[in-house]
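The values are calculated or read from the model by the stated rules, or taken from the named source; none is laboratory data. Being a predicted model, the structure only gives us computed values, none of them experimental. Cβ atoms come from the backbone with ideal geometry, glycine included; neighbour counts cover every protein chain shown.
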Amino acid sequence: MSLEQKIMADLKEAMKAKDEATLRGLRAIKAAIILAKTETGAGGEVNEEGEVKLLQKLVKQRRDSVDIFQQQNRTDLAEKELQEIAVIEKFLPAQLSEADLKAAIAAIIAETGASSPADMGKVMGVATKQLAGKTDGKAISAAVKELLSK
């Protein structure tokens, strides 16, 4: 069952249950899928890798919004965004724990022969390819900085 089919089935259930938070999150995913499918060169399809990137983008947008809303003391709006993040994350693959991420980054550092913060670009290139879909770029970047600065 494709992501779009799962979203449509869950959307029907959320409508029946009158669950507004879930509806908002599912509608955002559905809209993003439709936009991705109609982009030039997409051919009317989104592959599994594209779906994961799309979901990660939606989560990142909402996290950025949460930060802004919290700075402006708009906890009501921040709460709505957090609810949508929870809905969207259900469709993402399991994310790496901090310990697993650091272990994977340490292996990549050893593999690339990086030894100082100046080698961060080399490590980031390999890490983002290997860890795509398993964690976000900010977490990868923070772990790489921490391990290279030791």
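Considering only region 109-150, how many residues are part of a loop (DSSP other than H, G, I, E, B) and on the phi < 0 side of the Ramachandran plot? It would help to see each step written out before you state the result.
First, pick out the residues of region 109-150 that are part of a loop (DSSP other than H, G, I, E, B): 113-116, 131-136, 149-150.
Subset that is on the phi < 0 side of the Ramachandran plot: 114-116, 131-132, 134-136, 149-150.
Within region 109-150, residues that are part of a loop (DSSP other than H, G, I, E, B) and on the phi < 0 side of the Ramachandran plot number 10.
Table: residues versus (1) among the small types (Gly, Ala, Ser); (2) within 21 Å of residue 83 (Cβ to Cβ); (3) surrounded by fewer than 16 Cβ atoms within 10 Å (Cβ to Cβ).
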{"site": "13", "(1), (2), (3)": "no, yes, yes"}
{"site": "16", "(1), (2), (3)": "no, yes, yes"}
{"site": "27", "(1), (2), (3)": "no, yes, yes"}
{"site": "30", "(1), (2), (3)": "no, yes, no"}
{"site": "33", "(1), (2), (3)": "no, yes, no"}
{"site": "40", "(1), (2), (3)": "no, no, yes"}
{"site": "48", "(1), (2), (3)": "no, no, yes"}
{"site": "53", "(1), (2), (3)": "no, no, yes"}
{"site": "67", "(1), (2), (3)": "no, yes, yes"}
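Any residue that is under 21 Å from the mean Cα position of the chain (by Cα), surrounded by 12 or more Cβ atoms within 10 Å (Cβ to Cβ) and among the small types (Gly, Ala, Ser) - is there at least one of those in region 109-124?
No, region 109-124 has no match at all.
Taking region 1-55 as the search range and keeping residues that are modelled with pLDDT under 90 and basic (Lys, Arg), which one is nearest to residue 90 (Cα to Cα)?
Restricting to residues being modelled with pLDDT under 90 and basic (Lys, Arg), the top hit is 53.
Just to be sure before I move on: is residue 140 outside the structural domain of residue 20 (by TED's automatic domain parsing), crowded, with 17+ Cβ neighbours inside 10 Å, of a type in the set (A, V, I, L, M) and over 18 Å from the mean Cα position of the chain (by Cα) in the structure I sent?
no
Filter region 123-150 for residues that are in contact with a Ser or Thr (Cβ under 7 Å, 6 or more places away or on another chain) and without any contact (Cβ under 8 Å) to a residue 24 or more places away in the chain and give the result.
Across region 123-150, the qualifying residues are 124, 126, 137.
Only one of (1) within 23 Å of residue 48 (Cβ to Cβ); (2) crowded, with 18+ Cβ neighbours inside 10 Å fails for residue 100. Which number is that?
Going through the list (1) within 23 Å of residue 48 (Cβ to Cβ); (2) crowded, with 18+ Cβ neighbours inside 10 Å, residue 100 breaks only (2).
Does residue 78 satisfy the criteria of being of a type outside the set (Asp, Glu), surrounded by 13 or more Cβ atoms within 10 Å (Cβ to Cβ), touching a helix residue (DSSP H, G or I) at 6+ places or on another chain (Cβ under 8 Å) and in the same structural domain as residue 136 (by TED's automatic domain parsing)? Can you show your working first?
Working: of a type outside the set (Asp, Glu): yes; surrounded by 13 or more Cβ atoms within 10 Å (Cβ to Cβ): yes; touching a helix residue (DSSP H, G or I) at 6+ places or on another chain (Cβ under 8 Å): yes; in the same structural domain as residue 136 (by TED's automatic domain parsing): no.
Here the answer is no, as residue 78 does not meet what is asked.
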